[in-house]
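So the structure is just underneath, and the comments pick up after that.
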Amino acid sequence: MSKKKQDQQAAAPITAFKAFDKDWKCRGYQFEIGKTFEQDDSAQLCSSGFHACTVPFDVWTYYKGSRNLARVSLERLAEGKKDDSKVAGAKITIEASINLPEWIKTQAAVVIGLCKAAKGAMAGEDKENAAATGDYGHAAATGYSGHAAATGNSGHAAATGNYGHAAATGYSGHAAATGNYGHAAATGDYGHAAATGNSGHAAATGYSGHAAATGNSGHAAATGNSGHAAATGNYGHAAAGERGVAAVLGFNGTASGAEGAVISLTWWDEQAKRPRIVVGYIGEDGLEAGIKYKLGKDHKFAKVED
């Protein structure tokens, strides 16, 4: 056995997060909750082994809008680092599936942990990570891969720069991430999350939470009653909770919703030279809760086959 493999096996496992397709497969490999999978060879990032992310929302970069989400344990880790939190290991355990509301809360908890760890390590002088605690706290992080977290009621968190994360917890919290691949999560009632830039993700939990993602391939999800999600730009996805509204304002988007939600998608009318919007109601006309829909060639809702 090589020294590299011995060192990998000796290292402690890490907790990470993984997304799958509708059949709980990834790259054609069938996974199962509660099972452990291992390969003989060493893992190589983006090449071989089992891949996951240490920041939950980062998995949506690879499985856009997936609802098959899990907490995993990774061992025998590969060397190297990507721009986001992607990691790889030769051994993986699929510990537990996580529903969307818990996923959003986990995202917020992870980002808060990152901010607190950075703040402690840098004695409060880290400019790329910021954490504010207590009511009416504000946190702002600038720079590449910066993280901002605000805990307590009416807190605000903002992260600028690519791959930034912002999380606000408590009632009426606001989180905003700007730059490509930015993620924003707000937990608690009346929370708002906004992500700007391409491939950004925004998610809000609790009653009357709102999530908005701008830029191409952005994702917005609001859980809880009367939550609203809006994605602007092409190839976006929006998901809404009960009695909420999920709207994609760009083209070639997808939408989903809980029972009683409203979904709307947009298509371009070439003859009239104008956009048109198709609206559907979950629970009516065959539209099912929790199913992702796109517009077919007839401009009617069609299930998305992952």
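The values are calculated or read from the model by the stated rules, or taken from the named source; none is laboratory data. Fair warning: this is a prediction, and the values are worked out from it, not measured in the lab. Here the Cβ positions follow ideal geometry from the backbone for every residue, glycine too, while neighbour counts run over all protein chains shown.
Between ALA176, ALA220, ALA246, the distinction of being part of a strand (DSSP E or B) and under 13 Å from the mean Cα position of the chain (by Cα) belongs to ALA220 only. Taking SER66, is it surrounded by 15 or more Cβ atoms within 10 Å (Cβ to Cβ) and either part of a loop (DSSP other than H, G, I, E, B) or among the acidic types (Asp, Glu) (or both)? Taking the combined requirement at face value, the residue satisfies it.
Among the residues making up the stretch 235-266, a single one is farther than 18 Å from HIS219 by Cα and in contact with a Lys or Arg (Cβ under 6 Å, 6 or more places away or on another chain): GLY260.
The condition of being at pLDDT 95 or above and either not aliphatic (A, V, I, L, M) or not in a strand (DSSP E or B) (or both) holds for only one of LEU265, LEU287, that being LEU287. Residues in the stretch 90-99 that are over 18 Å from LYS25 (Cβ atoms) and crowded, with 21+ Cβ neighbours inside 10 Å: ALA90 only.
When the residues of the stretch 46-60 are filtered to those that are polar (S, T, N, Q) and over 21 Å from ILE112 (Cα atoms), which remaining residue is surrounded by the most Cβ atoms within 10 Å (Cβ to Cβ)? Result: SER48. Scanning the stretch 29-40 turns up at least one residue that is at pLDDT 90 or above, farther than 20 Å from ALA96 by Cα and surrounded by fewer than 20 Cβ atoms within 10 Å (Cβ to Cβ).
Taken over the stretch 73-86, the criterion of being within 19 Å of the chain's Cα centre (by Cα) and buried (at least 22 other Cβ atoms within 10 Å of the Cβ) is satisfied by SER85 alone. Exactly one residue out of ALA238, ALA184 is buried (at least 24 other Cβ atoms within 10 Å of the Cβ), closer than 16 Å to ALA109 by Cα, of a type outside the set (S, T, N, Q) and out of contact with any His (no Cβ under 7 Å at 6 or more places or on another chain), and it is ALA184.
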